[in-house]
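Worksheet: the structure to be examined is printed underneath.
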Amino acid sequence: MKTNYLMLHTITRVVSFIILSFSIFLFFAGHNNPGGGFIGGLMTASALLLLYVSFDIKKIRKVIPFNYPVIIAVGLLITIITGLNSLLFGDPFLTQYFEYYNVPILGEIELTTALPFDLGIYLVVVAIALLIILTIAEDDS
Amino acid sequence: MEILMILTVGVLVSVSTYLLLTKSLLRVVLGIVLLSHAAHLLFLTMAGLKEGAPPLLGEEAASYADPLPQALILTAIVIGFGVTAFLLVLSYRTYKEHKTDDLEKLRGSADE
Amino acid sequence: MNNIVLLPVLIPFLVGVILILFRNQLPIQRFVSGVTTLGLVGISAYITYLIYQDGIITLELGNWPAPFGIVLVGDLFASIMVVFASIVAAACLFFAFQTLHPDREKYYFYPFFFFLLTGVNGSFLTGDIFNLFVFFEVMLISSFVLIVMGGTKYQLRESFKYVVISTFGSMFFVIAVALLYSVTGTLNYAHLAERVAEAAQQGQSGILTVIAILFLIVFGLKGALVPLHFWLPNAYFGPPTAIAALLGGLLTKVGVYSIMRTHTLIFTHNQDFTLTIILILAGLTMFFGVIGAVSKFDFKRILAIHIVSQVGYMIMGLGIGTTMAIAGSIYIITHNMIVKTALFLFCGATEKVTGTTNLKKMSGLLKTHPYLGWLFFVAAISLAGIPPLSGFFSKFALVLGGLEAERYFIVFVSLVVGLLTLFSMVKIFMYVFWGSPSLSPEEVKKTKVGKLLIPGIPLVIISILMGILAEPVYLLFEAAANQMLDPSIYINSVIKE
């Protein structure tokens, strides 16, 4: 009997985007509010995982053709380089810098070096979570 | 509340001890997972359960919770997550190679 | 504030990350990792020189002041350990170039090699007990990957046990940290040292002693103290020799380092009790380690069990607790890292020649491979403690320190153990190198080991130099021991008020 996945597919299409956008919200909410790269990354990973579960792994692999180890390396590099940039100013490693700017329309926003650091963590978390689960899941033998 | 948490920790530790002493690979892994939960819960309890606002900018409260244990536990959880994933894959591979998940049969002799 | 103390932690991490990107370009990986490890030796030696000149270097990460933020602290002991760890790592790396199968190399050997080094150096340099946990985990997870690399049946089976035991120990680490935090409310080493002294005066000495012993169990599990050593021989037997040498040279020493650090700096309130326990453990560790080695007939396994027995010596100096004994401890840790790695590398070379590590299956290598034989001989008698090599002077300082402190029994045990060490080394030498050659001349031509010996030669030379130049080397270690025995130096350089 062929199983019908219509419900799952329809819901996944909607829900995964909601999760994705919420994860991006969480990511930017970080630093001064609950949220940040780690939790945002986990949310993104769960959205992508939902896609993997409801559709075929091979199909999604075509849509998201990322090499996860490379993403991990890139994410780690971003975090290290963000930390290293404080050495330029003669401060200890990982010193944080921030500044408030007034941007038209958006109002006052805060630019901080914690953001690229978090971005690196976000990439690492997404890649590691997916890599672990896919590695276990893909072994059919 | 502390008493309840400590009792929970005790139950977790005893269950995990039982699981660690069983012969099945997967149960041992589960025992490690439960033990890590017990350790984290104990950390939270030992640092003192306090009422207070989260220690964030913009919260104007009379008292704040101690953020340090929470940060440490989060770190420990992430590490535990990594180790658990590794252990699961390792036990799966061990099972595949040895065709058994019985630790009694995985003892091996002293000289080989 | 000085960022230089960060480099031994940061450089391996950065290089490890970059090498992930070059997974399939083995020549690039080899070149970059070779240059990096040699550079690390230079940098760490320079840091040691700086610390020797100007005193302890601290770095407050992220510019957060000491008890609140994370600090890296380079004192003399830590930096000496970093130097020797880098030397060991470099030797193992160059050995791995020649012996590891390319498949294993491609499975992220080099990245994990550097992550292991990050963890080891981080554990030495951190000034914060929770960060010690984090660096321990970085080191352990990398070691899990390295130890299972290749995935033979034996490796999988023994690695599973190793991983479970290590993780179990780590959970106890978390519990011990939790208890310590609940009593003192801080995790910074220097701050802890102050708070523990205060709390002990306020009648909390009992629980602090319990915590101290809990930490001793945790570190003893990583450092392979008897009766927590049982995982070590089997786990280190499985992986290729280059990896076994690396882990044998570094991992247990980190456990020993942590015991020495916590018991000289933090838990100084009830030393009559804790140091006696340590002394008893030291005696047991030495004795049972060497007894285990005497009964075995496998090259690699004997070396692996000897790690346990040597850990006993390292702890013994701490248990005696005088300046001379602790200097002897540092001497023996460094000596052991060098010599043990050298022995493992020669064991690997022998395995390459004969295709086995079983002592009974080989003989007469001295005639066919004289350089290998004599290099092994020098390293082996250095381990056993024959003058004028490093092993003799390290044990000499330890024994003299023990006699001065009137700890006659442990000194007696250590001398007996030294004799048994000599016995098992001579046993290896007799079986492997004496007798009639077991290889035919054609086989000998095929098994040239000249290049394989290159990583081991500098180690043997260092061991000889540490023996001949015992005076200046000992003075350096004595300075480190003095720094350790006076916690106020450490505290004042971290917490500036």
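Here, each number is a calculation from the coordinates, and none is a lab measurement. It should be emphasised that the depicted structure is a prediction, and the values quoted were computed from it without experimental measurement. Neighbour counts run over all protein chains shown; Cβ positions are idealised from the backbone, glycine included.
First check a/c for the range C:238-367, with a ≥ b ≥ c the square roots of the eigenvalues of its C-alpha gyration tensor; if it is under 1.5, answer rounded, and if not, answer prolate when a/b is larger than b/c or oblate otherwise.
Taking the square roots of the gyration eigenvalues as a ≥ b ≥ c, the range C:238-367 is prolate.
Is there a simple number for the mean count of other chain Cβ atoms within 10 Å of the Cβ of residues in C:59-65, and what is it?
Going residue by residue through C:59-65 and averaging, the value is 5.
Could you let me know the centre-to-centre spacing of the range C:437-489 and the range C:254-277, using Cα atoms, in angstrom?
After rounding, the separation between the Cα centres reads 28 Å.
Counting each pair of different Cα atoms once, what's the Kirkwood radius of the protein assembly as shown in Å, rounded to one decimal?
Taking every pair of different Cα atoms in the protein assembly as shown, averaging 1/r and inverting gives 27.3 Å.
Mind checking the angle between helix C:370-384 and chain C's longest principal axis? C-alpha axes, 0 to 90 degrees, to the nearest 10.
30 degrees
For chain A, with a Gaussian network of springs between Cα atoms less than 10 Å apart, report the residue from A:ILE24, A:ILE78, A:ILE64 with the top mean-square fluctuation.
Sorting by GNM fluctuation, first place goes to A:ILE64.
Quick one: which residues, 5 or more positions from B:ALA53 or on another chain, have an amide H under 5 Å from its amide H? H modelled 1.01 Å from N in the peptide plane, none for Pro or chain starts.
Amide H neighbours of B:ALA53, under 5 Å, 5+ apart: B:SER63, B:TYR64, B:ALA65.
How far is helix C:470-485 tilted off the main Cα axis of chain C, in degrees rounded to 10, range 0 to 90?
Approximately 30 degrees, to the nearest ten.
If R₀ is 41 angstrom, what is the calculated FRET efficiency for the pair C:LYS367 and C:ILE291, using the beta carbon separation as r and rounding to 0.05?
For R0 = 41 Å, the calculated efficiency reads 0.80.
Expressed in nm², what is the orientationally averaged projection area of the convex hull enclosing the Cα positions of chain C?
Quarter of the Cα hull surface area: 21.4 nm².
Per-residue counts of other Cβ atoms within 10 Å, averaged by peptide: what ranking do you get for A:5-13, C:372-380, C:16-24, highest first?
Top to bottom by mean Cβ count within 10 Å: C:372-380, C:16-24, A:5-13.
Just the number: Rg to Rh for chain A, Cα atoms, Kirkwood Rh, two decimals.
Ratio of gyration radius to Kirkwood radius for chain A: 1.08.
Using helices alone, what [θ] at 222 nm do you get for the protein assembly as shown, with -39,500 (n - 2.57) per DSSP H run of 4 or more residues, divided over all residues and rounded to the nearest 500?
-25000 deg cm²/dmol, from helical runs alone.
Give the shape of the range C:198-280 as rounded, prolate or oblate, defined through the alpha-carbon gyration tensor: a ≥ b ≥ c are the square roots of its eigenvalues, a/c under 1.5 means rounded, and otherwise the shape is prolate if a/b is larger than b/c and oblate if not.
Cα axes put the range C:198-280 in the prolate bin.
What's the exposure ranking of C:ARG301, B:ARG93, going from fewest to most Cβ atoms within 10 Å?
B:ARG93, C:ARG301
Sequence gap at least 6, Cα distance under 8 Å: using those rules, report the relative contact order of chain A to the nearest whole percent.
RCO, chain A: 27 percent.
Comparing A:PRO34, A:PRO65, A:PRO116, which has the greatest mean-square fluctuation in the GNM of chain A with Cα pairs linked when under 10 Å apart?
A:PRO65
To the nearest 0.05, how large is the calculated FRET efficiency for A:LEU111 and C:LYS106 if R₀ is 41 Å and r is the Cβ-Cβ distance?
For A:LEU111 and C:LYS106, the calculated efficiency is 0.50.
What is the angle, in °, between the Cα long axis of helix C:323-354 and the longest principal axis of the Cα atoms in chain C? Nearest 10 is fine, range 0 to 90.
30 degrees
Could you line up A:TYR68, B:TYR64, C:TYR181 from fewest to most neighbouring Cβ atoms inside 10 Å?
So the ranking, lowest neighbour count to highest, is B:TYR64, A:TYR68, C:TYR181.
Between C:MET362 and residues 5 or more places away or on another chain, which pairs have amide H atoms under 5 Å apart, with H built 1.01 Å from N, and which residues are they?
none
What is the distance in Å between the Cα centres of the range C:351-394 and the range A:53-76?
Their Cα centres are 50 Å away from one another.
Within a 10 angstrom radius of each residue's Cβ in B:88-96, how many Cβ atoms of other chains show up on average? Whole number is fine.
Average neighbour count from other chains, rounded to a whole number: 5.
Using Cα-Cα distances under 8 Å and only pairs 6 or more residues apart, what relative contact order does the range C:3-494 have, in percent?
Across the range C:3-494, relative contact order equals 16 percent.
Lysines near C:LYS161 by alpha-carbon distance under 20 Å, same-chain residues fewer than 8 away left out - which ones?
Leaving aside lysines fewer than 8 places away in the same chain, those within reach of C:LYS161 are B:LYS23, B:LYS96, B:LYS99, B:LYS105, C:LYS153, C:LYS222, C:LYS300.
Counting only Cα atoms, I'd like the Rg/Rh figure for the range A:93-141, Kirkwood definition for Rh.
Rg divided by Rh gives 1.31.
Within 10 Å of each Cβ of B:40-49, how many other protein chain Cβ atoms are there on average?
Other-chain Cβ atoms within 10 Å of each residue's Cβ, averaged: 4.
Can you tell me the order of C:242-255, C:478-491 when each peptide is scored by its average per-residue count of other Cβ atoms within 10 angstrom, highest first?
Ranking, from highest mean packing down: C:242-255, C:478-491.
With r as the distance between the Cβ atoms of C:ILE454 and C:PHE273 and R0 = 41 Å, compute the FRET efficiency 1/(1 + (r/R0)^6) and round to 0.05.
0.25
Can you give the convex hull volume per residue for the Cα atoms of the range C:122-197, as a whole number of Å³?
Roughly 74 Å³ of hull volume per residue.
Which whole number of Å³ per residue matches the convex hull of the alpha-carbon atoms in the range C:18-90?
So the per-residue Cα hull volume is 106 Å³.
Calculate one ³J(HN,Hα) per residue across the range C:200-208 by plugging θ = phi - 60° into the Karplus curve 6.51 cos²θ - 1.76 cosθ + 1.60, and present them in order as whole Hz with x for glycine and proline.
5, 6, 8, x, 9, 4, x, 5, 5
List the residues whose amide H sits under 5 Å from the amide H of C:ASP298, counting only those 5 or more places along or on another chain, with H placed 1.01 Å from N in the peptide plane.
C:LEU359
So how far apart, in nm, are the two label points at B:LYS105 and A:LEU6 if each is 7 Å from Cα heading toward Cβ?
4.7 nm
Under 18 Å from a point placed 7 Å out from the Cα of B:THR8 along the Cα-to-Cβ direction: which residues of the range B:75-104 have their backbone N that close?
B:75-78
So how do C:TYR474, C:TYR49 line up by other beta-carbon neighbours within 10 Å, fewest first?
With the fewest neighbours first, C:TYR474, C:TYR49 line up as C:TYR49, C:TYR474.
Taking a point 7 angstrom from the Cα of A:ILE18 along the C-beta vector, which residues in the range A:24-52 have backbone N less than 14 Å away?
A:47
Specify whether the C-alpha gyration tensor of the range C:17-169 places it in the rounded, prolate or oblate class, a ≥ b ≥ c being the square roots of the eigenvalues: rounded for a/c under 1.5, otherwise prolate if a/b is larger than b/c and oblate if not.
It is oblate, given that a/c is not under 1.5 and a/b is not larger than b/c.
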